[in-house]
Amino acid sequence: RAQHTFDLSSVYDWQLEACRAILEKRDCILSAPTGGGKTLAFYLPLLAFYDPTTENASNQPITLIVSPLVELMNQQANDLNEKGIPAVALCGDNLRDKGLTERFGQGEFRVGFISPETVNSPFFNEKVLSCTVFKQLLVAVCYDEGHTILEWGGSFRPDFLASCELLRGRLPVGLPVLVASATLSRPLVQELYTVLKIGERVSLVQFSNARPNISLSVRCMKYPKTFGDLYGLLPELDTLWKAEDIPTTLVYFNTKPEAEKAADFLRMQLPEEIPHSAVAFYTADVGETRKREIIEGLSQGLNLRNIQRVVLWRIPPSFASLIQRAGRAARVQEELGEMILFVESCWYKKNAAGDADVNGMGEDGEVATSRAEMRPPTRSQRTTSVQLKRDTPSAELDRKFLRAFIQTESCRHIPWDEFYENSKKREYCMTCTMNKHLPSYLRHDN
């Protein structure tokens, strides 16, 4: 049925392994590379029972998916509806339609995508979580981008942590939870056990997230205020005639003002033949109309599905964030990609305890900080910059490896692989993980 619905030649063994855990009422933590097919694992338990030909369609199983990304939820809901699976994204503008929430609680949709903020709303609690029909039909709760539960669950989006506790408390005992991410370190997994109240009956499906097809480099900023360092992202002017001559590049900034200024700077460097729309700007707090315009421009001008190069301007919120963003490049394993991190010179300072080791990691594990970074954050920085809580084992380990990644004089894939213990995990191979013989409950004979 999964192959038929999603037009797939095969389903991977690990996707079936995650599905089997949910069907056996066991929690599952799934760690697989970006673009590897984690989303399909959310749908498989539903497809094991879902029959679109039945007369009483509202008496079919339901899957609830919690995600921090509004645009992604809308896209995934639309994709499922096009494939004949009733789905709804209860987030953004859709929350204005109270009827959608009520209909979801009454079982009219098979898949519901919700944000953490939606989980904590009194109306959602009344019309969905307290609804007997919904609780009887629900087969699993899935958390997409599971690493953000802890990374964003502090001061940035506290509702993320609160929603985890609320769902576990309001839904039936024994309901399985599936957590998926491409960047789950061992300490982070241990903390998820506590936050999600995961017991002994848990299935760990873990793959290496190594990306040897991505070149990793760190460059020291020379022009942090004028963005002159970004000029090198453009090809030589005598070879730059059209937008397609620029490698498809995704540039991350920690604050909205810097992103706006950098976009203006890059547009000014373009030849007259290339429209300014070749450099698109996106931020989380723009209006929905403007957001759609930007996304449309990105998809037409830059083709987000084929990112060749990812650039990070200044230190990201965490090492896990760095790896997550780097993974946006060359998502097809047969292609080559590049990740460039621009940092200030202060990150190359040696700590007082002594020189860094071979991976650039100091004995105290603390990160050098510039005077500017020690100032109280501005309002825009508080709302757009995310930081790991500094009192957890995962945050401490994250800081050490972030510094190691920056300062190392050897291959930067070494700290990446060590942080995620990739040598202890299964290698991800699209060919090797294909399942040629699907079990009967996932076959579709039509």
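Readers should treat all values here as calculations from the given coordinates under stated rules, not as data from a laboratory. It should be emphasised that the depicted structure is a prediction, and the values quoted were computed from it without experimental measurement. Virtual Cβ from ideal backbone geometry, glycine too; neighbours counted across all protein chains shown.
With each label modelled as a point 7 angstrom along the Cα→C-beta vector, the residue 162-residue 236 pair spans 5.8 nm. Taking the stretch 115-228 on its own, what percent of its Cα-Cα pair distances exceed 17 Å? For the stretch 115-228, the fraction of Cα-Cα distances above 17 Å is 64 percent.
In the P(r) worked out for the stretch 66-146, what percent of Cα pairs fall beyond 14 Å?
On the way: 1956 of 3240 pairs.
Above the 14 Å cut-off, the stretch 66-146 has 60 percent of its Cα pairs.
Taking other Cβ atoms within 10 Å as a rough exposure proxy, 276, 413, 147 sort from fewest to most as 276, 413, 147.
Do the alpha carbons of any pairs in 25/83; 25/424; 225/256; 261/400; 25/135; 98/127 sit beyond 20 Å of each other, and which pairs? Show your work: numbers first, answer last.
Numbers: 25/83 27 Å; 25/424 26 Å; 225/256 14 Å; 261/400 31 Å; 25/135 15 Å; 98/127 9 Å.
Listed pairs above 20 Å: 25/83; 25/424; 261/400.
If you plug the beta carbon distance of residue 411 and residue 282 into 1/(1 + (r/R0)^6) with R0 = 30 Å, you get a FRET efficiency near 0.40.
Quick check for you: which residues of the stretch 163-204 have the amide N under 16 Å from the point 7 Å beyond the Cα of residue 135 toward its beta carbon? Taking a point 7 Å out along Cα→Cβ of residue 135, the residues of the stretch 163-204 whose backbone N falls under 16 Å are 166-176. Cβ crowding within 10 Å, taken as a proxy for footprinting-reagent exposure, orders 411, 346 from fewest neighbours to most as 411, 346. Here the Karplus relation 6.51 cos²θ - 1.76 cosθ + 1.60, evaluated at θ = phi - 60°, turns the backbone of the stretch 138-151 into coupling constants of 5, 9, 6, 10, 10, 10, 7, 6, x, 5, 6, 4, 8, 5 Hz, with x for every Gly and Pro. One chain, two ends: residue 171 and residue 72. Fully extended at 0.36 nm per residue, the span grows by 33.1 nm beyond their Cα-Cα distance.
For 231, 12, 252, 420, what ranking results if the residue with the fewest other Cβ atoms within 10 Å of its Cβ goes first? Please report the intermediate quantities before stating the final value.
Details: 231 12, 12 22, 252 17, 420 26.
Least to most surrounded, the residues fall as 231, 252, 12, 420.
In order along the stretch 105-120, phi translates into HN-Hα couplings of x, 8, x, 7, 10, 8, 10, x, 9, 9, 8, x, 5, 5, 4, 8 Hz, rounded to whole numbers, per the Karplus curve 6.51 cos²θ - 1.76 cosθ + 1.60 with θ = phi - 60° and x for Gly and Pro. Length available on full extension from residue 200 to residue 123: 0.36 nm per residue minus the Cα-Cα distance, which gives 24.4 nm.
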